[in-house]
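Here the structure is laid out as structure tokens; the discussion comes afterwards.
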Amino acid sequence: MSEDHTMSIEEIIPSSDSLPTLKRKTEMSAPQFLSTAEAARMLGLSTTLVQTLVDQGDLKGWKTRGGHRRISIESILDYQNASRSVLGTFAKTAIRPRVTVVVETASLLSELIKAHSLWDFAVDVTFFDSVTEALLELSSKRPDMIVVEMSMPRAQQEKTFQALENFNQRGRTPLSVVLISQEKGLSSSIQTSAPSTIQVISGPLNPLWMHAYLTGVVASCRN
């Protein structure tokens, strides 16, 4: 039997339509691990992206002797909770969310713009090729969320992180920020007077990640 024909996800965890929030406790008879396909269906992501998340350590899993992945339900719930926290700003809004995307790598920026032109999301996305330019626009044209590809040297990444942190500390409603960086311990190197609302993830930023991310934004608006 293939890994995609184990117990259905509906039998393991009730859908969000029937419960206000997902419960971390499952029935004693339910398995604690899901197949890649089941995890992808639960998260609303592609199986390829789920496999990438496991490889990056964002989801915890292991492989059977036959080479099939088994992914921890607990880590899936943790990933969902983190995503909902980042997307909480958009919840129950009737207005098209505004997302600013900053990509300083020219080839990647071109790739994302081309891919986005083929998608039909109810989201207004503005692309910038400069963090400085995007920061100057925050006060006059405030987005609901900003995604920044942090490919610059670490010192510059820390300055960008601090600038966004300062911006959030001054405002009434913090801006939801996702920084995509390969640097380790970036968050811990920033001095903050309150818990940070900025999320740092390892990425990578690419059309597949961007599509999944915007799908999550739209889904959050509809809940």
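Every read-out reported here was derived from the displayed coordinates using simple, explicitly stated rules and does not represent laboratory data. Note that the structure is predicted; figures quoted are calculated from it, not measured. Quick reminder, even Gly has a Cβ in these numbers, built from the backbone with ideal geometry, and neighbours come from all protein chains shown.
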Legend entry - Label point distance in nm, Ser139-Trp119, each placed 7 Å from Cα along Cα→Cβ: 3.1 nm
Legend entry - Rg to Rh, two decimals, where segment 91-222 supplies the alpha carbon set and Rh follows Kirkwood: 0.94
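Checking the a/c ratio against 1.5 first, then a/b against b/c, what shape does the Cα gyration tensor give for segment 113-183? Don't jump to the answer; show the numbers that get you there.
Working: a/c = 2.05, a/b = 1.25, b/c = 1.64.
Oblate, since a/c reaches 1.5 and b/c is not below a/b.
Quick one: Kirkwood hydrodynamic radius for segment 110-151, alpha-carbon pairs, angstrom, one decimal? All intermediate terms of the calculation are to be shown ahead of the outcome.
Values: mean 1/r = 0.0852 Å⁻¹.
For segment 110-151, the Kirkwood estimate is 11.7 Å.
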Inset, instruction - Take the Cβ-Cβ distance between Asp78 and Thr132 as r, set R0 to 41 Å, and report the resulting FRET efficiency rounded to the nearest 0.05. - result: 0.75
Legend entry - Asp120, Asp129, Asp55 arranged by Cβ crowding within 10 Å, fewest neighbours leading: Asp120, Asp55, Asp129
